[in-house]
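Have a look at the structure below, then the notes.
The values are calculated or read from the model by the stated rules, or taken from the named source; none is laboratory data. On a predicted model such as this, the values are computed, not experimentally measured, just so you know. In this analysis, Cβ positions are derived from the backbone assuming ideal geometry, glycine residues included, and neighbour counts consider all displayed protein chains. All accessible areas refer to the heavy atoms of the entire protein, side chains included, with ligands and DNA or RNA removed. Shrake-Rupley method; radii C 1.70, N 1.55, O 1.52, S 1.80 Å.
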Amino acid sequence: MDALDSPLFTVPKLNSLAKSDIAIEVNDLALYFGQRKVLHEISMRIPKNKVTAIIGPSGCGKSTLIGCFNRLNDLHQDCRIEGQVIIGERNIFHHKQNVPELRTKVGMVFQRPNPFPVSVYENVVYGLRIKGISDRRLLDNVVENALIKAALWDEVKDNLFDSALLLSTGQQQRLVIARALALEPEILILDEPTSALDPISTLLIEELINDLRSQFTVIIVTHNLQQAARVSDYTAFLHQGELIEYSDTDTIFTLPAQQQTEAYITGRYG
Amino acid sequence: MIKAFWADQEKEHFAIILSGSLVCLVIIALLSIVALIVSRGLAHFWVQPAYFVNINESVQGQTGSNAEQFLVGRKQYAIIQNRDVASDKVKRVWLQESTYMEANSGKPTVVEKSQITYLDKPERLAKIGMTDGSFLLAIPKQIQTPASMASASEFHVIQEQIEQLREQVVEIQVQHLSPLHELLAEMRIREVEATAPAYIKAVQAYQHWDSRLTELQQALSRYSLVVSLADGREMSVPLADTHYMQYPNAANIFEKLYYFISQIWLFVSDSPKQAITAGGVFPALFGTVLMVMLMTIMVTPLGVLAAIYLAEYAPNNSVVSIIRIAVSNLAGVPSIVYGVFGLGFFVYTVGGHLDSLIFPEKSDVAVFGAPGLLWASLTMALLTLPVVIVSTEEGLRRVPRTLRQGSYALGATKFETIRLIVLPMATPGIMTGVILAIARGAGEVAPLLMLGAVKFALLLPIDAEFPYIHLERQFMHLGVLIYDGAFHSQFGGGEAGLMFAACMLLLVVVLVLNTIAVRIRNRLRNQYQIFNG
Ligand SMILES: Nc1ncnc2c1ncn2[C@@H]1O[C@H](COP(=O)(O)OP(=O)(O)O)[C@@H](O)[C@H]1O
Ligand SMILES: [Mg+2]
């Protein structure tokens with residue numbers, strides 16, 4: 001708890017990051033829905049194995065921005081993208097990019113928990129089954145590990161084959177996280193993961209994020225500024241599709257460089 | 001203000017009363033249809049009393065116009081089809097005489113009630129059912145067996161002996177005679193010499209079994225039932241021809257119930273007899289159910305695939321909108337039009353070409369080029385396709401977006417997402433479509449009349465003969481039976497009983513098939529309950 005409230009260690013400044021410490025590099029990313037420009041030339045570098053928060057008023061393009069990282073925006077027919085997103089030294093918008101494979105490397109958890117209407121077990125192994133893995137012992141192992149990582153194992157270990165829909169909302173959200181972790185992604189994106197949850201479940205998920213930071217690059221979109229301050233190492237502030245300020249969390253919350261950031265953080269709008 | 005308020009409320013009351021009474025009307029109409037069909041249908045199976053009737057000759061000519069059709073001066077045993085014959089209101093009486101050995105089998109005669117001078121329900125009068133479906137009303141006297149004379153009350157015991165003999169007859173016919181017959185026919189085609197040892201051996205075997213059969217039949221013919229008829233004559237009936245014997249006037253409620261149930265069982269399990277006025281309707285029941293099942297098997301994959309394309313893959317343009325509208329309107333095309341299409345396209349065009357492909361050497365065979373079960377089911381599948389497409393599409397659209405996103409985010413392709421997430425979750429919608437298709441398909445008769453549903457088909461579409469399922473065969477259908485019965489029976493005479501029984505059976509078939517489908521759907525719904533309630 002204490003560790004969450006006041007980070008005991010300080011993180012390196014963004015501009016002093018080595019190339020090997022960068023998980024995602026965004027260069028002049030612009031996105032249009034039809035005629036409407038939703039993202040305006042965004043450039044940012046998201047550090048590896050750290051927690052990066054993206055904050056901003058609703059409708060500013062947070063979900064759209066992270067939707068670029070696993071190309072989920074492809075599902076919208078009228079979506080057009082300019083610029084680059086480089087993950088693992090490759091521009092993921094390259095036409096030869098294997099999109100399903102990208103999505104197994106960049107896991108995503110959504111605002112409302114969306115477990116599939118099958119058993120807990122089948123939910124967790126869904127991604128592996130898609131990959132064609134069906135070895136029972138391997139799958140059992142993965143399920144156990146993923147559920148342990150998602151802090152759900154103790155609650156569901158006796159009911160692995162019951163419908164996932166019987167779990168509480170908070171448990172469902174952790175199940176969905178476990179489902180993403182089962183694929184051992186490099187990057188885990190959480191889009192307002194706690195906005196539909198009660199305070200206790202929220203706390204559990206925040207602790208979970210804290211545990212994950214050593215192994216994964218975590219990107220969390222949140223409405224809740226305290227949450228961003230508590231869990232993240234870096235914070236990006238987005239406003240009307242523009243990246244206003246992006247820095248380590250301490251700096252953003254104590255010494256914001258931009259007027260707009262300060263206004264948002266002090267609650268004058270948003 | 002207040003006035004307007006009251007006026008509004010009155011209007012609302014009026015609307016409620018109007019719509020409520022309309023609903024009542026609908027329910028009453030529905031209930032009376034069901035009540036009519038069920039009561040008339042079940043009455044067909046209930047034991048009716050058998051009468052001794054004396055018709056007075058001297059009344060002839062007094063009643064005027066159609067005196068010529070009245071039978072006069074006769075004593076007879078008959079089943080009276082007016083159920084309330086004792087009431088004063090009844091002026092004419094429908095008499096159903098024995099149909100056994102009678103030329104006018106099945107047709108009841110009409111008699112003015114005033115002509116009947118004596119009416120009685122003799123306790124000992126029996127209704128004797130024959131294996132050919134006809135029946136005999138007579139008073140049983142005794143039973144002649146090869147050994148001795150027995151009392152008529154031992155009918156059931158002796159029937160069992162006869163049954164064993166009958167089984168032996170069937171065994172010889174099926175296991176020995178007919179294979180030998182085929183063998184001989186084949187040899188004749190191959191022009192085997194009549195002196196060849198194999199041929200002689202086959203002929204000898206045939207003769208052996210044939211004489212054994214004759215012996216058995218002679219043994220059977222030595223059992224007979226002696227009965228006395230209404231005019232006092234005695235008659236001897238081969239016991240081998242009888243099926244059951246029952247005393248309608250002496251029967252207690254349990255015997256009546258037993259008879260009632262066995263008659264219902266006979267109706268659904270036996271084949272038609274006496275030009276479909278007696279016996280059962282099993283082939284029609286079988287044909288109806290089989291046709292509906294085949295239709296379901298054909299329409300489900302077609303409809304689901306079409307719906308998947310329309311809902312998931314088709315672009316959002318005006319062509320696709322037009323296709324969608326066309327599909328919905330296809331449901332409104334009169335079924336007889338589908339019948340014409342099925343006959344013209346499937347039977348003559350597709351079937352005809354298939355025939356000339358499969359049997360190129362013979363130009364006159366019509367196997368697939370003739371109406372039959374396959375084309376009937378396929379046409380019905382086409383007819384019910386729109387409802388399956390529309391409900392499946394609806395089911396597909398109801399699958400939450402977030403679940404599809406979840407699947408994509410785990411690396412699934414569009415096809416995998418549809419197969420693993422969307423389609424399973426759309427099964428309740430698909431099942432709704434299938435239910436509607438079954439309801440429509442089981443009740444539709446018009447197209448079938450052109451496509452191979454016949455009043456009487458000799459062979460079932462499924463039998464023990466290779467390839468076991470004969471989809472090119474004509475088949476019987478309950479709807480056709482009803483359609484035919486409606487034209488050939490007099491409602492007043494109660495002869496329509498069989499038709500009502502067939503109606504009832506058809507209702508039961510539709511109900512059962514639907515219940516099964518609804519149950520499956522509800523099980524699937526429970527599985528995905530969160531998205532449905
Ligand atoms: N599929 C879409 N088509 C058109 N506009 C969209 C679509 N999705 C989102 N938008 C618009 O893009 C903007 C950014 O949306 P979003 O990224 O969801 O905001 P946030 O997640 O920050 O609340 C919003 O103004 C929204 O109206
Ligand atoms: Mg959002």
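Assorted remarks:
- Tilt relative to chain A, helix A:169-181 - C-alpha long axis, 0 to 90 degrees, to 10: 90 degrees
- Here the translational diffusion coefficient of segment B:155-222 follows from Stokes-Einstein with Rh set to the Kirkwood radius across Cα pairs; for 10 °C and 1.306 mPa s it amounts to 119 µm²/s.
- Counting only chymotrypsin sites (Phe, Trp or Tyr not before Pro) that DSSP places in a loop and that have at most 12 other Cβ atoms within 10 Å, the longest clean stretch of chain A runs over A:10-160.
- Under 27 Å of direct C-alpha separation, and excluding same-chain neighbours fewer than eight residues apart, B:K75 reaches these lysines: B:K89, B:K91, B:K107, B:K113, B:K121, B:K127, B:K141, B:K256.
- Debye intensity ratio in log₁₀ form over the Cα atoms of segment B:195-296, taken at each q of 0.10, 0.15, 0.16 Å⁻¹: -0.61, -0.95, -0.98
- Dividing the summed -39500 (n - 2.57) terms of all DSSP H runs of n ≥ 4 by the residue count of chain A sets its mean residue ellipticity at 222 nm at -10000 deg cm²/dmol.
- Residue order for A:D233, A:D158 - accessible surface, 1.4 angstrom probe, largest first: A:D158, A:D233
- Accessible heavy-atom area order of B:E215, B:E97, highest first, probe of 1.4 Å: B:E215, B:E97
- Cα long-axis angle, helix B:282-308 against chain B (0 to 90 degrees, to the nearest 10): 10 degrees
- Within chain B, longest stretch clear of exposed chymotrypsin sites (Phe, Trp or Tyr not before Pro) (DSSP loop, no more than 11 other Cβ within 10 Å): B:1-467
- Gain upon complete extension [B:E160, B:S178; 0.36 nm per residue less C-alpha separation]: 3.9 nm
- Rounded D (µm²/s) - segment A:183-270, Kirkwood Rh over Cα pairs, Stokes-Einstein at 4 °C, 1.567 mPa s: 93 µm²/s
- Translational diffusion of chain B, estimated by Stokes-Einstein from the Kirkwood radius over alpha carbon pairs at 10 °C in a medium of 1.306 mPa s, is 55 µm² per second.
- Per-residue HN-Hα couplings for segment B:85-91 [Karplus 6.51, -1.76, 1.60; θ = phi - 60°; Hz; x = Gly/Pro]: 4, 6, 5, 5, 5, 6, 9
- Degrees between helix A:120-130 axis and first principal axis of chain A (Cα, 0 to 90, nearest 10): 70 degrees
- Surrounding net charge for B:V292, when Lys and Arg each add one and Asp and Glu each subtract one, Cβ distance under 13 Å: 0
- Here r is the Cβ-Cβ distance between A:D21 and B:L305 and R0 is 41 Å; the resulting FRET efficiency, rounded to 0.05, is 0.25.
- Note on chain A: lysine pairs with Cα distance below 24 Å, sequence gap of 8 or more or different chains, count 21.
- Applying 1/(1 + (r/R0)^6) with r as the Cβ-Cβ distance of A:K96 and A:K131 and R0 = 22 angstrom yields a FRET efficiency of 0.65.
- Heavy atoms of B:S32 accessible to a 1.4 Å probe, total area in Å² rounded to 10: 60 Å²
- B:A496 long-range amide H proximity, modeled H, under 5 Å: B:Q490
- In Å, descending, principal axis extents of the Cα set of segment B:289-424: 61, 32, 31
- Protein accessible area in the protein assembly as shown, 1.4 Å probe - carbon and sulfur %: 58 percent
- Over the protein assembly as shown, equivalent-ellipsoid semi-axes from the Cα gyration tensor in Å: 80, 34, 26
- Spin-label model, B:S87 to A:T254: label points 7 Å out along the Cα-to-beta-carbon direction sit 10.3 nm apart.
- Extending 7 Å from the Cα toward the beta-carbon at both B:R419 and B:I323 defines two label points whose distance is 2.2 nm.
- The slack in the chain from B:V192 to B:Q9, taken as 0.36 nm per residue of separation less the alpha-carbon distance, amounts to 56.2 nm.
- Probe 1.4 Å - accessible area at B:L22, Å² to nearest ten: 100 Å²
- Under a 5 Å amide H cut-off, with hydrogens placed 1.01 Å from N, A:F93 pairs with A:V85 among residues at least 5 apart or on other chains.
- Note: relative contact order over segment B:385-529, using C-alpha pairs below 8 Å and six or more positions apart, is 25 percent.
- Label-to-label distance, A:E41 versus B:K201, with points set 7 angstrom from Cα along the beta-carbon direction: 10.2 nm.
- Environment charge of B:I17, counting only residues whose C-beta is closer than 12 Å and scoring Lys/Arg +1, Asp/Glu -1: -1
- Karplus 3J(HN,Hα) series, Hz, for segment B:127-141 with 6.51 cos²θ - 1.76 cosθ + 1.60 (x for Gly, Pro): 9, 10, x, 9, 5, 8, x, 7, 9, 10, 9, 6, 9, x, 9
- Theoretical FRET efficiency, 1/(1+(r/R0)^6), r = Cβ-Cβ of A:N145 and B:V518, R0 56 Å, to 0.05: 0.85
- Based on C-alpha pairs under 8 angstrom that are at least 6 apart in sequence, chain B has a relative contact order of 14 percent.
- Annotation for segment B:155-246: trypsin sites (Lys or Arg not before Pro) lying in DSSP loop with at most 12 further Cβ atoms inside 10 Å of their Cβ are B:R190, B:R233.
- For segment B:391-474, the list of GluC sites (Glu not before Pro) that fall in a loop by DSSP and count at most 13 other C-beta atoms within 10 angstrom reads B:E465.
- For segment B:420-429, backbone phi angles converted through the Karplus equation (6.51, -1.76, 1.60; θ = phi - 60°) give residue-by-residue couplings of 8, 10, 5, 5, x, 6, 8, 4, x, x Hz, Gly and Pro being listed as x.
- The contact between chain B and chain A removes approximately 1900 Å² from the accessible area (both sides summed; 1.4 Å probe; ligands, DNA and RNA excluded).
- Amide H contacts of A:V38: A:L31, A:Y32, A:F33, each under 5 Å away and 5 or more positions distant or on a separate chain (H built 1.01 Å from N in the peptide plane; Pro and chain starts excluded).
- Tail beyond 32 Å, pair distance distribution of chain A (Cα, percent): 22 percent
- Segment B:302-364 and segment B:10-48: distance between their alpha carbon centers, rounded to Å: 38 Å
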